[in-house]
């Protein structure tokens, strides 16, 4: 009988009992959320106005000096250039390739599954290990890439300006060359990320109703392109918005490849000095917490801004 | 056709990584030997250098090679060492990968860290998700709003303040530092809440009738129903933290006992001269293989798990 009493009480007064249980169950998560996610943002916000260093007893308020530096020093200009070059290159290409691959794989049916598996491999692999593998591939003398390019010497390929130069003076150093470094990083970013986007698009594609294609055909959409434009693309709207946002956020966070290639300095002539690397170098290695916090705040601002745009797009446009 | 070209580009680094891990340094430098290399016996130069016969060895050895002068004995001993030190490139690369650095230890660390992160995430997230999905209480919407807001915060981005906090607590270079920032998975809460919304209320009411406490309901009723979602979340979490390099790089400095697999590989690269390409690629292969094999075995689950984040 004793076992019945609490349940009776529960049914009689569900609200107070549930409220206590509810808060009790939520409390650990809430505490950790505040301590690990919210407090650090506030801390970073405060420290970005100081010249604090770990180990110092105190700090001075320096106002907006840290932010001012971010926008005036040439190092940070390079940082913004590198970060945005990376994001602006990687996001459209990896989303585009992901969509293209998804459409092709989808049209192949069963055989397409093999490609799906293969294209997804880079997503699973430890990026750092793969970065090192790429470093060997791109090694100027013993790397596979330049060896493969050398094979083309003496054939009609030599007519292309790139090969003419390469065969005469040697092919690029890739990672050592400041004109190529950031593009190599971009390439690896695309290589690693497009399989993920493809899988997301595939999930979106399977939810497109077959009848819609038939209906479009009835209405005179004969070519594949027309069907894509009228049916597939609008139906993928929500997926696309999500894929673009998540790609952007991931692209902003690029770090592993850059640290693996250039542990000091972020690339030849700082051409690949992205924000995450700057936070790492300034804030942690050089113990300039103030400036590191300022970069952190700016970084968060970009990410929040992107997500707000996404939410806005989702709410506004993609109801079908 | 396009797909096949894509396949080549996607697979090239994997091919190279495994191939190099099988070849001798000479073959790597000259680019010969196809995929497997020729697997000729090779001599480990370090091993020979370490066991260069000295004066005393020669005297001791003269008994075993009677009738030879010192030079002859030395040559015979050298030949013996070289025979001892020669091995197939595969064996050389992989044995070096495991002996040059405590790779087993690193792998073990990787397992410890990813498992504890996952378990704590579940212990924290599951009750919260249940409360947010099935209990009515004042302030619930506010808490859920907070969860949605926190979804926007990439933990990597706030690494610096987290690092300062951990340093203040004296926790850098501990397992705790590797695990703590990841103990709260807002995404996990969100995911499990969405899943729990679909569980019928009758099930919970029946459990209450049986006199179960709310906490017991979470673990004895909700947990079993949530296995598919949990599995997906497990894959998501384990993949992310096994491969994570940024955070361990920040909080573990110097203490090799705490290195996770990517850090171990990084260290290998740091002191690598040219002849170590083989062992390094062997290390890389060892680190990448567990997830790849698991993925190939349970592809469907993996792809589901990873794309779950897309089903918001």
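We did not get these values from a lab; they are worked out from the coordinates using the rules stated. Just so it is clear, the model here is predicted, and its values are computed rather than measured. Positions of Cβ are generated from backbone atoms using ideal geometry, with glycine treated the same way; all protein chains shown enter the neighbour counts.
Taking the three principal axes of the alpha carbon atoms in the range A:186-226, the coordinate ranges are 43, 19, 7 Å, sorted in descending order. Each peptide in B:237-250, B:118-131, B:196-209, B:290-303 receives the mean, over its residues, of other Cβ atoms within 10 Å, and ordering these scores from highest gives B:118-131, B:237-250, B:290-303, B:196-209. Cα-Cα pairs above 28 Å in the range B:104-311: how many percent? Tail fraction, whole percent: 39.
Per-residue mean of foreign Cβ neighbours for A:138-145 is 3 (Cβ atoms of other chains, 10 Å radius). The mean number of Cβ atoms from other chains found within 10 Å of a Cβ in peptide B:133-144 is 5, as a whole number.
Taking the alpha carbon gyration tensor of chain A, multiplying each eigenvalue by 5 and rooting it gives semi-axes of 42, 36, 19 Å, largest first. Globularity index of the range A:75-231 is 1.34 (Cα radius of gyration / 2.2 N^0.38 Å, N = number of residues).
Dividing the convex hull volume of the alpha carbon atoms of the range B:158-278 by its residue count gives 151 Å³ per residue. Pairs of Cα atoms nearer than 8 Å and 6+ residues apart set the relative contact order; for chain A it is 27 percent. Stokes-Einstein diffusion for the range B:209-301, with the hydrodynamic radius set to the Kirkwood value over Cα pairs and evaluated at 10 °C in a medium of 1.306 mPa s, equals 96 µm²/s. When every Cα-Cα distance of the range B:219-262 is counted in 5 angstrom steps from zero, the calculated P(r) takes the values 5, 19, 19, 15, 11, 10, 11, 8, 2, 0 percent.
Across the alpha-carbon atoms of the range A:69-156, the computed radius of gyration and Dmax are 18.7, 56 angstrom. Shielding of peptide B:294-302 by partners, expressed as the average count of other chain Cβ atoms within 10 Å per residue Cβ, is 2. From largest to smallest, the equivalent ellipsoid semi-axes obtained for the protein assembly as shown from the alpha-carbon gyration tensor read 47, 33, 28 Å.
The Cα center of the range A:48-122 and the Cα center of the range A:188-222 differ in position by 26 Å.
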